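Here is the structure we will look at, set down as structure tokens.
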Amino acid sequence: MDRLKGRHFLSACPNTEASDSRGKRAQRRCKVCADRARTAGQTPAEKKNKRKLRTTWCRECKVGPCLDCFEIYHTKRDYINN
């Protein structure tokens, strides 16, 4: 698993044409929080309330874990249940 090896750092999400035209920074959903919500069987309304958008991401993995989940995602093989 590449995400468990190597050096990973948070960096700013690259802007897209859509985000540039609105004058906002690009955002990504936290993969760990989203996967945990999906496996917990939450309803769409519950997922929406817990959705975390981040303006940072891991350039190597191409995912945007929130600050709380960044270390978990890059150190735990089963990041959903830990």
(message) Is it the case, given these coordinates, that residue 45 is surrounded by 11 or more Cβ atoms within 10 Å (Cβ to Cβ), among the hydrophobic types (A, V, I, L, M, F, W, C) and at pLDDT below 85?
(response) no
(request) Evaluate the stretch 10-30: report whether one residue or more is in contact with a Lys or Arg (Cβ under 6 Å, 6 or more places away or on another chain), at pLDDT 75 or above, surrounded by 10 or more Cβ atoms within 10 Å (Cβ to Cβ) and assigned to a helix (DSSP H, G or I). (result) no
(request) Would you mention how many residues in the stretch 68-82 are touching a Lys or Arg at 6+ places or on another chain (Cβ under 7 Å) and either outside any helix (DSSP H, G or I) or at pLDDT below 85 (or both)? (result) 2
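The values are calculated or read from the model by the stated rules, or taken from the named source; none is laboratory data. Because the structure is predicted, anything quoted here is derived from the model rather than measured. Because the Cβ atoms are built from the backbone with ideal geometry, glycine has one as well, and the counts that use them run over all protein chains shown.
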